[in-house]
1. So what is the relative contact order for the chain, in percent, with contacts set as C-alpha pairs under 8 Å and at least six apart?
2. For each of GLU71, GLU38, count neighbouring Cβ atoms within 10 Å of the residue's Cβ, then give the residues from fewest to most.
3. Name the shape class, rounded, prolate or oblate, that the alpha-carbon gyration tensor gives for the chain, where a ≥ b ≥ c are the square roots of its eigenvalues, rounded holds for a/c under 1.5, and otherwise prolate holds if a/b is larger than b/c and oblate otherwise.
4. Given points 7 Å out from each Cα along the Cα-Cβ axis, report the THR89 to LYS19 separation in nanometres with one decimal.
5. For the cross-link pairs LYS75/LYS117; LYS113/LYS135; LYS83/LYS134; LYS50/LYS113, which exceed 29 Å when the distance is taken from alpha carbon to alpha carbon?
6. At most 16 other Cβ atoms within 10 Å plus a DSSP loop assignment makes a site exposed; report the longest stretch of the chain without any exposed trypsin sites (Lys or Arg not before Pro).
7. Helix 92-104 against the longest principal axis of the chain: what's the angle in degrees, Cα atoms only, rounded to the nearest 10?
8. Can you tell me the orientation of helix 144-164 relative to the chain, as the angle in degrees between its alpha-carbon axis and the longest Cα principal axis, to the nearest 10?
Amino acid sequence: MNSILAKQINEAAKYYNYKGPLEPGMIHLIEEEGFVPEVYEDDRDTVGKKPVETEGVGATAENKGKNFFTEVYPKYEERAARKVKGYTTMPQDLKNAVLSAVYRGDLGPKTAKLLSKGQYAAAAEEYLDHAEYKKRKEKNPDDGVVKRMERNAAVMRKYAEEQSA
């Protein structure tokens, strides 16, 4: 774990007054989302939407003002497990990719179904067949959302390759 991530984790734990254990998924989401201890406007203009008020660990809408560790994270873990059969027994890096996609709202029903069936290569392809991903990639291939979605798809592909080996 690098020092920037460690600092963000410590700041988030202090901000949310969290003293419990850190699960790998929590650490992964903080690494992907970052941590900002105040409300800021997240960039959404690449898909024709207005900026979204965000705070903490990428919390928007109904999650703003809630404790990331005790209220938000458990909700998304449960949502990931509900959407993707076998989620709880997946290798941690694959769980992290699924959780990341669910947290951002990128995991569509077709991708979830393919992941549930263990069809990881097809899931990766379907996952990147996403309007926001395509628009952002066209505008800026180095966009943070583009890179994040590509990392998630690469993890899915990794397990497809391991299945065929």
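1. Reported relative contact order: 18 percent.
2. GLU38, GLU71
3. Oblate shape, in that a/c is at least 1.5 and b/c is the bigger or equal ratio.
4. 3.7 nm
5. Exceeds cut-off: LYS50/LYS113.
6. 118-165
7. Long axis of 92-104 versus the principal axis of the chain: about 70 degrees.
8. Result, in degrees: 40.
Just so you know, all these numbers are worked out from the coordinates, no wet-lab data involved. Computed from a predicted model, the values in this text were never measured in an experiment. Backbone-built Cβ (ideal geometry, glycine too); neighbour counts: all protein chains shown.
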